[in-house]
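Engineer: The structure under discussion is supplied below as structure tokens; questions concerning it will follow.
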């Protein structure tokens, strides 16, 4: 049954002007729908006859929530469903009616009346759910705080998106359980419902029912919070997966670049060796030329061997770090021994090599094999790039929670523009004083990775023609690290 009526009365203003008006609530559509759902749950749980007046926002979610109540209607109930003009709302359906036997009397069948409001009705901008039963009465009424445009205001449209919480869609709402106020609201709506019966006796202040309503609303809010929390976790997980994916792509790209560089570095000495072997087969080759090609073969073989060894060291670093823990090492027990092995090489090149490692320095946290490789690589470079008559020093001192190990030489130096690149893989910037380019370009890369694994760092200062200083910081060993 449908009817068209006119009215200038607003339920929101009626409640706001009452002596027992509750505080007005500024809520989002999501919260308003949660309050409506709690009232519907209470109606379903009670299973008692009730009079219901409802006007809902447009949208499938709102209609489905109200249909949930319609599907569970008991006899002797009346529902008055209001809608705005030109609202394209589906006609509510009584699910139980189709299941009732035809032999039942008319008074045992729930009745639903659809009411279309005129354009001038003050109710067109309001949404409400009013309930009156023997156990409970309540009114939830919401008023749009802001109308998007004049056309919507003229048509009285009721589009509210429960998933949008912008200020323009917020609602001012009242939740009322005062029977006197609700009776006045029913009196306002009574002319719209010609089929309405006399109101049944009501005990609206039953504390058990009120507590049940509060419990349902709390549970609704908890469910909403859980869902939002799940969505947040899913969003965070999606962001984490995206970052991991980007990191994986970057790692794959770096690996491809590394393999490309390895191929280039391996091919260079092989090409030189093949060229030397071809020239050695010449029948007109002089002894001096032959010796020069033989020396080239030896150098390129050493270069190839150094490159392969450095690559194996670089690959094994991460694997070794996963299974080894830092040891308590004293520099005075490691560094002098390594320096002594390089003393003959320094004397052969005419380079003075000296060290100062105080025995009272505290132990550092590192692996013995790593510390030796750090000293070997930096000491080898210092001697290699220092001309005859030059000097190389190795000094150690404490700086707070670190031990500084300094490698200083009077060699040919490094251009300032090249210093940031010297730790890159296969990067070679300096020509050695004897034109020995047998290095693999991985020594400083390995040093930096070793220091990263043991919590240290390295810095460089250098001037062309004056020499270079490599400062290594190694963490002091703490007993708590053993645990």
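None of the figures in this text is laboratory data; all of them are computed from the coordinates on show. In this text the structure is predicted, and so the values were computed from the model without any measurement. Neighbour counts are summed over all protein chains in view; Cβ atoms, including those assigned to glycine, are modelled from backbone coordinates with ideal geometry.
Engineer: Quick one: order 469, 31 by neighbouring beta-carbon count within 10 Å, fewest to most.
Structural biologist: 469, 31
Engineer: While we're on this one: How would 33, 421, 349 line up from fewest to most surrounding beta-carbon atoms within 10 angstrom?
Structural biologist: 421, 349, 33
Engineer: Let me ask something else about it. Could you give the nm distance between label points at residue 457 and residue 347, where each point is 7 Å from its Cα heading toward the beta carbon?
Structural biologist: So the two model labels end up 4.0 nm from each other.
Engineer: I would also like to ask the following. Quick check: residue separation of residue 119 and residue 18 times 0.36 nm, minus the Cα distance between them. What number comes out in nm?
Structural biologist: Extending this stretch completely gives an extra 33.7 nm.
Engineer: Could you tell me which of rounded, prolate or oblate describes the stretch 324-483, using a ≥ b ≥ c as the square roots of the eigenvalues of the alpha-carbon gyration tensor, with rounded for a/c under 1.5 and, failing that, prolate when a/b is larger than b/c and oblate otherwise?
Structural biologist: Taking the square roots of the gyration eigenvalues as a ≥ b ≥ c, the stretch 324-483 is prolate.
Engineer: Please give, to one decimal in nm, the separation of the simple spin-label points placed at residue 45 and residue 234, each 7 Å out from Cα toward the Cβ.
Structural biologist: Reported label-point gap for residue 45 and residue 234 is 2.8 nm.
Engineer: OK, next. For residue 380 and residue 266, FRET efficiency with R0 = 22 Å and r from the beta-carbon atoms, rounded to 0.05?
Structural biologist: That pair, residue 266 with residue 380, gives E of 0.55.
Engineer: Fewest to most neighbouring Cβ within 10 Å: what's the order for 178, 71?
Structural biologist: Lowest to highest Cβ neighbour count: 71, 178.
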